[in-house]
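Engineer: My structure is below; once you've seen it, I'll send some questions.
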Amino acid sequence: MLPDLFLNNVWLAIGLWAGLSILDYVFTLKAAHMYRDGASKHFTFPGGIELNPYYKDDIARFRRFSFRFLLHLFFVGGFLLIAHSLEFPRLFAFVWGMFVWLLIAVHFRHIRNLMVFHYARKSAGVSGEIEYQPWLILCLSSVEFFCFAALSLVLFLFWGSFFMLGGATGCLSLAVRHLIDSFRQSRVLPQSEA
């Protein structure tokens, strides 16, 4: 099976995760540029397009190189290496699944957003303007990650793959975090906006 190829080769596993992480950052920067270059005439995001507070500043400033991102690669890569060195294959599959499946879910969202921004820049099939408040974006993100968590859980129940169980856990944890952040942000709104 293909996952076994990665689970038995830690460097390949870390390389795949790192590649997906780099692609995540590249897609986010591309979306930020597309938003600035015309999609913003149809969509307004008062809180910015980046949901992760850790990278908000880097994306808002269009930084191609992010020291924070480099630290993230280093620490998570090290964490994966340590998890693999424990020689408990199910634990490594679970942990690797948390990181990789979450990024796969994020890439589905990126692809959709890039397509929407592509057409919105040209006003092709899009008219008018809509403003998404940060709490609503987080709420919608939470729903999407709950769906990916449910899909991962179903796949785990069919195949018993700890990779999928880790994926379900990773997506569920981000869904809960975004839901909590959404509730927090909706509470601070003036009563007329809520």
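The values are calculated or read from the model by the stated rules, or taken from the named source; none is laboratory data. Since the model is a prediction, treat every value here as computed from it, not as a measurement. Note that each Cβ is placed from the backbone with ideal geometry, even for glycine, and that neighbours are counted across all protein chains shown.
Engineer: Counting only residues that are hydrophobic (A, V, I, L, M, F, W, C) and not in a helix (DSSP H, G or I), how many does segment 130-142 have? Break it down into steps so the answer makes sense when it comes.
Structural biologist: Going through segment 130-142, the residues hydrophobic (A, V, I, L, M, F, W, C) turn out to be 130, 135-140.
Within this subset, residues satisfying the condition of being not in a helix (DSSP H, G or I) are 130.
Of the residues in segment 130-142, 1 are hydrophobic (A, V, I, L, M, F, W, C) and not in a helix (DSSP H, G or I).
Engineer: Among residues belonging to segment 40-55 that are among the hydroxyl-bearing types (Ser, Thr, Tyr) and farther than 21 Å from Leu174 by Cα, point out the one that is surrounded by the fewest Cβ atoms within 10 Å (Cβ to Cβ). Give the steps one after another, and end with the answer.
Structural biologist: Residues of segment 40-55 that are among the hydroxyl-bearing types (Ser, Thr, Tyr), as a first pass: 40, 44, 54-55.
Then drop every residue that is not farther than 21 Å from Leu174 by Cα, which leaves 40, 44.
Working: Ser40: 16, Thr44: 13.
My answer is Thr44.
Engineer: Oh, and also: Inspect all residues belonging to segment 152-171 and state whether any of them is in contact with a strand residue (DSSP E or B) (Cβ under 7 Å, 6 or more places away or on another chain) and part of a helix (DSSP H, G or I). Spell out how you get there, then give the answer.
Structural biologist: Kept after step one, since they are in contact with a strand residue (DSSP E or B) (Cβ under 7 Å, 6 or more places away or on another chain), are these residues of segment 152-171: none.
No, every residue in segment 152-171 fails to be in contact with a strand residue (DSSP E or B) (Cβ under 7 Å, 6 or more places away or on another chain) and part of a helix (DSSP H, G or I).
Engineer: Which one of Ser142, Ser152 is among the polar types (S, T, N, Q), modelled with pLDDT of 95 or more, over 13 Å from the mean Cα position of the chain (by Cα) and buried (at least 20 other Cβ atoms within 10 Å of the Cβ)? It would help to see each step written out before you state the result.
Structural biologist: Working: Ser142 fails: over 13 Å from the mean Cα position of the chain (by Cα).
Just a single option satisfies the conditions, and that option is Ser152.
Engineer: Return only the number of the condition from (1) at negative phi; (2) at pLDDT 90 or above that Gly38 does not satisfy.
Structural biologist: Among (1) at negative phi; (2) at pLDDT 90 or above, the lone unmet condition for Gly38 is (1).
Engineer: Another question, if that's okay. For the list (1) among the acidic types (Asp, Glu); (2) farther than 20 Å from Arg177 by Cα; (3) not in a helix (DSSP H, G or I), I need the number of the one condition that Glu50 fails.
Structural biologist: All conditions pass for Glu50, except number (2).
Engineer: Please go through (1) touching a Gly at 6+ places or on another chain (Cβ under 9 Å); (2) crowded, with 18+ Cβ neighbours inside 10 Å for Ile104 and return the number of the only condition it doesn't satisfy.
Structural biologist: (2)
Engineer: Which of the residues spanning segment 14-69 are without any contact (Cβ under 8 Å) to a residue 12 or more places away in the chain and aromatic (Phe, Trp, Tyr)?
Structural biologist: Those that are without any contact (Cβ under 8 Å) to a residue 12 or more places away in the chain and aromatic (Phe, Trp, Tyr): Phe65, Phe67.
Engineer: Still on this structure: Could you list all residues from segment 79-96 that are farther than 19 Å from Ser152 by Cβ and under 24 Å from the mean Cα position of the chain (by Cα)?
Structural biologist: Across segment 79-96, the qualifying residues are Phe79, Leu81, Ile82, His84.
Engineer: Out of the residues in segment 109-129 that are part of a loop (DSSP other than H, G, I, E, B) and out of contact with any Phe, Trp or Tyr (no Cβ under 9 Å at 6 or more places or on another chain), which is surrounded by the fewest Cβ atoms within 10 Å (Cβ to Cβ)?
Structural biologist: Pass one, segment 109-129, residues part of a loop (DSSP other than H, G, I, E, B): 122-129.
If we keep only those that are out of contact with any Phe, Trp or Tyr (no Cβ under 9 Å at 6 or more places or on another chain) too, we end up with 122-124, 127-128.
Numbers: Lys122: 10, Ser123: 13, Ala124: 9, Ser127: 9, Gly128: 7.
Per the stated criteria, the residue is Gly128.
Engineer: Kindly indicate whether Gly97 is surrounded by 13 or more Cβ atoms within 10 Å (Cβ to Cβ), without any contact (Cβ under 8 Å) to a residue 24 or more places away in the chain, among the small types (Gly, Ala, Ser) and touching a helix residue (DSSP H, G or I) at 6+ places or on another chain (Cβ under 9 Å).
Structural biologist: On the way: surrounded by 13 or more Cβ atoms within 10 Å (Cβ to Cβ): yes; without any contact (Cβ under 8 Å) to a residue 24 or more places away in the chain: no; among the small types (Gly, Ala, Ser): yes; touching a helix residue (DSSP H, G or I) at 6+ places or on another chain (Cβ under 9 Å): yes.
So Gly97 does not fit the description; no.
Engineer: Now for a different question. Looking only at segment 56-70, filter to residues that are under 15 Å from Pro134 (Cβ atoms) and within 15 Å of the chain's Cα centre (by Cα); which one of those is surrounded by the most Cβ atoms within 10 Å (Cβ to Cβ)?
Structural biologist: Ile59
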